Amino acid sequence: MADYIIESKELTAGYGKAVIIQDVNFQAERGKVTAIVGPNGSGKSTFLKTLFGLTRVFNGSVVFDGEDITKLPPEVRARKGLGFVFQVNNVFPNLTVRENLEMGAYARTDKEQIRKDMGEILDIFPILRERQKQKAGSLSGGERQMLAMAMALMGRPKLLLLDEPAAALAPKVVTQIFMKIRDIVNSGVTVILVEQHAKRALSFCDMGYVFSSGRIVMKGPGKDLLADEKFVEAFLGKR
Amino acid sequence: MDLSIPLINSLTLGSLYTLMALGLTMSFSVTKIANFAHAELVTIGGYVTALLVNWMGYGLGESLIAAFFASALLAVAMDEGVFKPMIKRGSKPLFLLVASIGIGLVVRYLLFIYADLNAVITVQAKTNVQLIGRFGRAGITTIHLWVFPITIVSVVLLHLMFHYTKPGKALRAMADNEDLARVSGVKIYTLRRLMWFIAGGITGVAGGLWSAYSVITPEIGWYALLRIFAASILGGLVSFWGTIAGGLIVGFAENFGITFMNTYFNVSTAYRPLISFVIIVIVLLLKPTGFAGFDIVGWLKEKVKGGGE
Amino acid sequence: MQIEFLASYMPIFTSFIVLFAIYLIAALSLNMEYGYGGIPNFGHVFFISVGAYMAGVLTARTVDYIAGIKAGYCSGQASVLRTEYLSSHPMEAVGIFVASLVLGAIIGGLFGYAASYPALRLKEDFLAITLIFIGDMGRIIARNEEGIVCALTGLTGIANPLSFVKDVGTRSIAYALIVVAFAVLTYIYVQRLAKSPFGRLLKAVRDDDLAAMALGKVVPRVRGEVMVIGSALAAVAGVLRTFYIQGVVADDFQPLITFLVLTMVILGGMANNKGVILGTLIMTALDQFISPSFLSLLGISVEFDVTYMKYIIIGLIIILVLMFRPQGAIPEGPVETPALELSKSSEWDVEEKLEIGGEEERSPSG
Ligand SMILES: Nc1ncnc2c1ncn2[C@@H]1O[C@H](COP(=O)(O)OP(=O)(O)O)[C@@H](O)[C@H]1O
Ligand SMILES: [Mg+2]
């Protein structure tokens, strides 16, 4: 049996009284990239937020590292090794770049190691080193996305949730971002990647899930999905 | 026209408004509640100080510390007892504002009853006020020796807390984006309590200083609230330095403004509150963000360095 | 014996009815602005006071002029002479009353129009803050100007339009009937408005600015209109009050009045006029019966000013309702549309729609 780092079982969740995702059974294998694709508004972001405890759960459960975390608040999940890069508003605009990175490591107590990590992260993202003292609100879109990922990495997560990290960025930056994600995976972090750009995501991932109207409608290894005629017709259209 | 008296008055009141407004700005930026019961934090601080000094014979310093704790606890109680449960139930932001009005009424009129029964509807902390010097025609008294240092020390301490301590930075992070702070592992409820405690505390100290400076009533907080909002709104309700500038501007605008209008246009000094009101309206209509986003410190650094690295 | 007993309570009863009716007009107008329109006009007391001052100024100035009273606007003697004149000239008294109502409504509406400028531009909570303070600024001006309502002393001698009726009991009952008639008219008016396309538009604007934006330039106009109508109604309540207490004092118009009226709306149920009647009834009772004079009638005496108790209770009601029943005693119904009417009469199941429309959102954090 595969080693799943996180699993959701019959997960139904939403906001207030509104049910957005329904009966989601999802697994992500440790050390791999699991992609979630689907049209805009299909509930991808909501699902990631639900894994992190930021929505209202109506039914079902989330198991992380063998432990049922359905009822735990987000701040506790963060301490257990989950990291999140939001789709939007993913940095603290009024904090400096450095302070943002420190916030990323907020839950950690190993001061020495944090300092080392900070140095390493700034090596990985040299642009951030230059901008350390600048307010994050003044960064460009690409820089902000880099900072958001760097922040999440400062928390040394076991599992990183990335919500459309390349949306609305210039193609050159997108390539850069995906290279960084590959590095992250190679360093042993499990990644769940939400993408609207299905081809890009599915060719990048190990396993892919397709969301539509808040439900999983297809799953399988990314390459298989891309080769699946039914999938191509329904979600990629004729190109 | 001799300006020494309005100058000293402006600085004194400006300092008090600054302290009170810093409390409001802190709580608004973190919780997004426009807390009208903030007025009562001023009043409670004032009464605790006045009664401890007058009845128990405590010194002003000890009484101010007690005022800090009294208002700090009241602030935490408001949040734990009313705001937090309402937020958890998904209350609309405006309902929180209305609820804060309710809290304000309860606290203010409980205090009215207490004050009525004990004949302290008007009261002033009877400290041993001594004239220690003159600035033009204005007297500098021992009260000023309390007000100015406390204000400066509070501002410095708060600045250090917000920029050099972990909880302080986390509070700024929460003010920016609460969900992001949570996923970074910030225990938002614990920090929120800390925030209310400090915000309430400094507001209470300001109230206490006010009771030493002049006569107070159970409505003193409501009276001050207009100025507090004006000061905070000048800081966009979120900016630390903007609020400090706001407090001083309100203090100066009121005292100089009314002295000027009174001298040259024979306007009654009773219209003093209108000045703060006009500030609120102008700022909200013309530049709702106030000084927020205007990086005063950065700007000063630029000036000093001449813009280069 | 029994009749005498009743008679001694009659004034309390009529005064209760009058105040209830006046508050009801005020509460219905606030409900229209805030409940239906989503405009937090927490400066409501200001618009009430505009009508109240209007009635006082117009009556006093007019009577002083036509009766040739030279005793001085604020003097006690002028007050006596005005009362004498008005009680002996029924036509003039009624005419001035009617003129006050009309002018009061117009001026109130104009101020409402002015207030709609910030109302269209500010975020909800900033608007609420501004309006709360507007409410108090009007009072500060009035209590410092001799020319409006005689500063702190207050303007007196604004005799009741029915003061030509010699029997006090009959007179107060008759005036009560007039005020009640205004309240009933207001109720019918706001009820019809709420059910009209305009009312539905209002709710749409309140619930979703974006959806309403699709309606083009309508939103600012709708909000402006609500402020004008609501403020005019509030001013009418003020006019009726001035003629009831036969005078007007600036310090009667504290922000607390707004909060009392707001409590009526919240307690009864926002955007529900029937609920507001209930809320107003309860709060008027509180307002009237927690007073030193009423308690002493019951033989109760306390060591402190009992009006303090009143405000504590108002505060508690606000807190408790918002915490535990934010929809109020009678929750807002679904939007009345022809389709809903149709579905009511047929077998269609509308329960589901009610579910979605009725409750407000819950935040996910918790
Ligand atoms: N905070 C929220 N409150 C209420 N509804 C929301 C919220 N966020 C998203 N939604 C709704 O949930 C649905 C799914 O949105 P989302 O999860 O963002 O989709 P995706 O990320 O796939 O584009 C949408 O219909 C959206 O309107
Ligand atoms: Mg999304």
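The values are calculated or read from the model by the stated rules, or taken from the named source; none is laboratory data. Just so you know, these numbers come straight off a predicted model, no measurement behind them. Ideal geometry is used to build each Cβ from the backbone, glycine not excepted, and the neighbour counts take in all protein chains shown. These accessible areas exclude ligands, DNA and RNA; they are computed on the full protein's heavy atoms, side chains included. Shrake-Rupley method; radii C 1.70, N 1.55, O 1.52, S 1.80 Å.
Quick notes on this structure:
- Potential lengthening between residue B:193 and residue B:287 on full extension [0.36 nm per residue; Cα-Cα distance subtracted]: 30.7 nm
- Within a Gaussian network of chain C (alpha carbon springs, distance under 10 Å), most fluctuating of C:59, C:130, C:242: C:130
- Efficiency of FRET between residue C:294 and residue A:9 - r from beta-carbon atoms, R0 56 angstrom, step 0.05: 0.30
- Amide H partners (placed H, <5 Å) of residue A:84, local residues excluded: A:161
- Cα-based helix-to-principal-axis angle, C:44-66 vs chain C, degrees rounded to 10: 30
- Counting only DSSP beta bridges whose two residues both lie in the protein assembly as shown, roughly 65 percent are antiparallel.
- Close amide-amide hydrogen proximity is noted between residue A:12 and A:23, A:24, A:58, A:59, A:60, each under 5 Å apart and 5 or more residues distant or on a separate chain (H modeled in the peptide plane; Pro and chain starts excluded).
- 222 nm mean residue ellipticity, helices alone, for chain B (DSSP H n ≥ 4; -39,500 (n - 2.57); rounded to 500): -24000 deg cm²/dmol
- Share, in percent, of DSSP beta bridges within segment A:4-236 that are antiparallel, nearest 5: 55
- Label separation (residue B:256 vs residue B:4): 1.8 nm, computed from points 7 Å beyond Cα along the C-beta direction.
- Where labels lie 7 Å past Cα in the beta-carbon direction, separation of residue C:301 and residue A:108 in nm: 7.4
- With both labels modelled 7 Å from their Cα along Cα-to-Cβ, the residue A:232 to residue C:274 distance reads 6.2 nm.
- Just checking the listed ones, B:17, B:47, B:114: in the Gaussian network model of chain B with Cα springs under 10 Å, the one fluctuating most is B:114.
- Share of carbon and sulfur in the accessible heavy-atom surface of segment A:1-154 [1.4 Å probe, %]: 48
- Calculated from the alpha-carbon coordinates, the protein assembly as shown shows an Rg and a Dmax of 31.6, 104 Å respectively.
- All lysines inside 17 Å of residue A:32 as judged from Cα atoms, apart from same-chain residues fewer than 8 positions distant: A:158, A:180, A:219, A:223
- Selected from B:194, B:52, B:131 as most flexible by GNM, with chain B as the system and alpha-carbon contacts under 10 Å: B:131
- 10 Å Cβ neighbours from other chains, averaged over peptide B:171-179: 5
- Estimated buried accessible area (total), pair C and B, 1.4 Å, Å² to nearest 100: 4400
- Karplus (6.51, -1.76, 1.60) ³J(HN,Hα), θ = phi - 60°, over segment A:137-147, in Hz, Gly and Pro reported as x: x, 8, 7, 7, x, x, 4, 5, 5, 4, 4
- Relative contact order (percent, whole number), segment B:40-161, Cα cutoff 8 Å, 6+ residue spacing: 24
- When only the Cβ of Lys, Arg, Asp and Glu is charged (+1, +1, -1, -1), the dipole of the protein assembly as shown relative to its Cα centre reaches about 1800 debye.
- Note that segment A:113-126 has calculated 3J(HN,Hα) couplings of 5, 4, 4, 4, 4, 4, x, 5, 4, 5, 6, 5, 10, x Hz, one per residue in order, obtained from phi through the Karplus relation 6.51 cos²θ - 1.76 cosθ + 1.60 (θ = phi - 60°); glycine and proline are x.
- FRET efficiency, 1/(1 + (r/R0)^6) with R0 25 Å, evaluated for residue C:62 and residue C:181 via beta carbons: 0.55
- Within 10 Å of each Cβ in A:132-145, the average number of Cβ atoms from other chains: 1
- Residue A:110 accessible area, assembled protein chains, probe 1.4 Å, Å²: 60
- Computed from the Cβ-Cβ distance with R0 of 60 Å, the FRET efficiency linking residue A:134 to residue C:189 stands at 0.55.
- Length-normalised contact order for chain A - Cα pairs under 8 Å, 6+ apart - percent: 27
- 3J(HN,Hα) from dihedral phi, segment B:263-280, Karplus parametrisation 6.51/-1.76/1.60, rounded to Hz, x for glycine, proline: 5, 9, 10, 6, 7, 4, 5, 5, 7, 2, x, 4, 5, 5, 4, 4, 4, 4
- Accessible area per residue for the protein assembly as shown, computed on protein heavy atoms with a 1.4 Å probe, is 42 Å².
- Ellipticity estimate at 222 nm from DSSP helix runs (n ≥ 4, -39,500 (n - 2.57)) divided over chain A, nearest 500: -10000 deg cm²/dmol
- Placed amide H near residue A:36: partners under 5 Å, 5+ positions off or other chain: A:193, A:194, A:195, A:209
- The relative contact order of chain B comes to 34 percent, based on Cα pairs under 8 Å that sit 6 or more residues apart.
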